[in-house]
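The values are calculated or read from the model by the stated rules, or taken from the named source; none is laboratory data. Computed from a predicted structure; not experimentally measured. Positions of Cβ are backbone-derived with ideal geometry, glycine not excepted, and every protein chain shown enters the neighbour counts.
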Amino acid sequence: MGINDGQRTGRRFPVLLREQRSIWPGVPDSIPWEAISPHEHQARANHGQSLEMLAQRGGLSPYELLAVLRDHVFWRCNLPEPATVITKLREQIEPFEQ
């Protein structure tokens, strides 16, 4: 059983992939809300918006999502390779998907 089994809502947070889907193989179109909700503070710090508002606007890119999930400031310079981001996103999301 995964994390927070008793608290799962079935709700999902969208991941912005659009025309860049080909460089993000294995990244889901959405992640469990429970995976990102504990990081609301970082989403607000990075984007000046709540998770609700970000979800309504289409979600976050994989880079932005990883920064929020790891409670890091998002900077658009020195971004890791997509393969690295994919691996790290899977590590962050996997416990919530089981």
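Which of the numbered conditions does R8 fail, given that it passes all the others? Conditions: (1) in contact with a strand residue (DSSP E or B) (Cβ under 8 Å, 6 or more places away or on another chain); (2) at pLDDT 95 or above; (3) closer than 16 Å to P95 by Cβ. Tallying (1) in contact with a strand residue (DSSP E or B) (Cβ under 8 Å, 6 or more places away or on another chain); (2) at pLDDT 95 or above; (3) closer than 16 Å to P95 by Cβ, R8 fails exactly one: (2). Annotation note: of V73, V68, the sole residue that is of a type in the set (A, V, I, L, M), loosely packed, with under 12 Cβ neighbours inside 10 Å and either assigned to a loop (DSSP other than H, G, I, E, B) or at pLDDT 95 or above (or both) is V73.
Pairing residues of segment 74-98 that are touching a residue at least 40 places away in the same chain (Cβ under 8 Å) with residues that are exposed (fewer than 13 other Cβ atoms within 10 Å of the Cβ) and among the acidic types (D, E), at Cβ distances under 8 Å and at least 6 apart in sequence or on separate chains, gives no pairs at all.
Consider E94 carefully, then state whether it is over 15 Å from L16 (Cβ atoms), among the charged types (D, E, K, R) and either assigned to a helix (DSSP H, G or I) or under 13 Å from the mean Cα position of the chain (by Cα) (or both). When the stated conditions are applied, E94 passes them. Checking each residue in segment 33-57 for being closer than 21 Å to E97 by Cα, surrounded by fewer than 20 Cβ atoms within 10 Å (Cβ to Cβ) and of a type in the set (G, A, S) picks out S37, A55.
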